[in-house]
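Participant: Here you go, one structure.
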Amino acid sequence: MEKKKSAKMDEQSNLSKSKAKREARRKQVQKAKRNANAAKITGIAVVAVIVLGIVLIVGRQLYVLSIRTTPSADYSAGLTEDGRIADADMATMVTLTDYKNIPVDANEVAATAEEVEEEISSTLEAYKELSTDEQLEIVDGDEVNIDFVGTVDGVEFEGGNSGGEGYDLTIGSGSFVDDFEQQLIGYKPGDEVTVEVTFPEDYSEELAGKDASFAVTVNGIMVTPELTDAFVAENLEDTEGVSTAAEYRAKVEDDFYQEHLQEYLTTYVLENSTVNTYPNKYVKTQKSILKYGDNSPEADDEIAYEKELTERAKENVKEEMIYQAVFEDAGLSFDADTYFAEQAEEMGEEYVENNKETYGAGYLAQSERKQMVIDYLVGLYR
């Protein structure tokens, strides 16, 4: 009885072991299937990512192609022959500020004393002349005319002779070696001076570090005239339409006043007027012109460049629209044929035709209409 029981238990044990092996095998197979499925899913995901990347790249390229601006030098594109933006109603597209009642601060547009003096000094400088007055003495900052012959050990060297043609030199400019210029201070026109210098070690191989002697003749000192009635009558009456120093100074002040007033008024009108709707076709032409001016760059981020290009184009278009709106609202008139005829009479037919060929009649007319608006605005507040 015990033997039978033992045999039965051995049989059951063997069955359990077999069952365990089968279960382990089943689990291994399931695991292998899961791994295979996971690998398959991963592979599909990788392929999907790659395909998506390709789609995105191709899509971006197609988008860039769709928005890419073609550069153009046709400055008159989108304009009529008389300089108006074509197919655009400024009365509805622009809301103008009250340009006839702009608050102008007189102090803000008045000429400053500094700019008036600078302009007068610049004019006087243009009329300075070489003086041989022997009462004059060279001081630091003077512009002088000299002749010189340079020698080393009594022998002339190349480039050391002015050849009697005169040489303009500003004292203190550092144009000549060592303290050459300073040694001329205190001398007068007609004086002959011996100037001793030492060439620097990094000078030319022939002269580096050598002592040289220059025989210098002071030909004269440049003298700037003073603003006097006599000077104005002689030099400015025909060109500036003034005959006294006081009249010239007043004219300079008025010129700056007009310049400041113009800038103030145009800035005010542009900043306080609103463009309600942009003429998209004209914005596009302006983008092409701007890109042409940018020399058609290959931007690192072309989408960002196109966005920036659009913003710039709109700024340009906004300005042109506001000027055109003021022109029309103020009732100004412009005749292109008359304008170009007057230009041809003043500047020559060839000049006008060359400009038309380069910029087109529309662009030139638009520029003139803009100037007419500026003159009109300034005239309101003079």
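The values are calculated or read from the model by the stated rules, or taken from the named source; none is laboratory data. No experiment lies behind these values; they were computed from the predicted model shown. Don't worry about glycine lacking a Cβ; one is built from the backbone with ideal geometry, like all the others, and counts go over all protein chains shown. The protein model used for the area step is the full one, side chains on, heavy atoms only, and it has no ligands, DNA or RNA in it. Shrake-Rupley method; radii C 1.70, N 1.55, O 1.52, S 1.80 Å.
Participant: Quick one: Karplus J couplings for the stretch 343-358, per residue in order, coefficients 6.51, -1.76, 1.60, θ = phi - 60°, nearest Hz, x for Gly and Pro?
Facilitator: Running phi through 6.51 cos²θ - 1.76 cosθ + 1.60 with θ = phi - 60° gives 5, 5, 5, 7, 10, x, 4, 4, 4, 5, 5, 5, 5, 4, 5, 7 Hz.
Participant: Hey, for a label at SER243 modelled as a point 7 Å past Cα toward Cβ, could you say which residues of the stretch 201-235 have their backbone N under 14 Å away?
Facilitator: Answer for this model: 229-235.
Participant: Can you give the charge dipole size of the stretch 314-360 about its Cα centre, rounded to the nearest 20 debye, using +1 on the beta carbon of Lys and Arg and -1 on the beta carbon of Asp and Glu? Numbers along the way, then the final one.
Facilitator: Numbers: 3 positive and 14 negative charges, 68 e Å.
Taking the Cα centre of the stretch 314-360 as origin, the dipole is about 320 debye.
Participant: Using θ = phi - 60° and the Karplus form 6.51 cos²θ - 1.76 cosθ + 1.60, what ³J(HN,Hα) does each residue of the stretch 214-227 get, whole Hz, x for Gly and Pro?
Facilitator: Each residue of the stretch 214-227 in turn: 10, 8, 10, 10, 7, 7, x, 10, 6, 10, 8, x, 8, 7 Hz.
Participant: If you don't mind, there's one more thing I want to ask. Quick one: ranking MET372, MET90 by accessible area, 1.4 Å probe, largest first, what do you get? Write out the running numbers ahead of the final one.
Facilitator: Numbers: MET372 50, MET90 5 Å².
Accessible-area ranking of MET372, MET90, largest first: MET372, MET90.
Participant: Something else about it: Rounded to the nearest 20 debye, what is the charge dipole size of the stretch 103-166 about its Cα centre when +1 sits on each Lys and Arg Cβ and -1 on each Asp and Glu Cβ? Before the final figure, lay out each step's value.
Facilitator: On the way: 1 positive and 20 negative charges, 34 e Å.
Roughly 160 debye for the stretch 103-166.
Participant: Which residue, VAL152, VAL177, PHE199, has the largest displacement toward the positive end of the dipole of the stretch 144-201 when charges sit on each Cβ (Lys, Arg +1; Asp, Glu -1)?
Facilitator: Selected residue: VAL177.
Participant: Could you check the simple spin-label distance between THR132 and ASP87, using points 7 Å along Cα→Cβ, in nm with one decimal?
Facilitator: Result: 7.4 nm between the two label points.
Participant: Ignoring ligands, DNA and RNA, how do MET321, MET347 rank by accessible area with a 1.4 Å probe, largest first?
Facilitator: The residues order as MET347, MET321, largest area first.
Participant: Determine, at each q value in 0.15 (inverse angstroms), the log₁₀ of I(q)/I(0) that the Debye formula gives when each Cα of the stretch 194-243 is one equal point scatterer.
Facilitator: -0.59
Participant: Between SER273 and residues 5 or more places away or on another chain, which pairs have amide H atoms under 5 Å apart, with H built 1.01 Å from N, and which residues are they?
Facilitator: Hits under the 5 Å cutoff: THR97.
Participant: Okay, moving on. State the dimensionless ratio Rg/Rh of the stretch 256-353 (Rg: radius of gyration of Cα atoms; Rh: Kirkwood radius). Walk me through the intermediate numbers first.
Facilitator: Values: Rg = 17.7 Å, Rh = 16.6 Å.
Expressed as Rg/Rh, it is 1.07.
Participant: Which cross-chain or sequence-distant (5 or more) residues have an amide H under 5 Å from the amide H of MET222, H modelled 1.01 Å from N in plane?
Facilitator: Those lying under 5 Å, H to H, from MET222 are SER131, GLU143, VAL144, ASN145.
Participant: Return the whole-Å distance between the Cα centroid of the stretch 118-148 and the Cα centroid of the stretch 196-240.
Facilitator: Computed from Cα coordinates, the inter-centre distance equals 8 Å.
Participant: OK, next. Hey, can you find the accessible area per residue of the stretch 263-380 for me, probe 1.4 Å, expressed in square angstrom? Spell out each step's value before the answer.
Facilitator: Values: 6560 Å² over 118 residues.
Accessible surface, normalised per residue, equals 56 Å².
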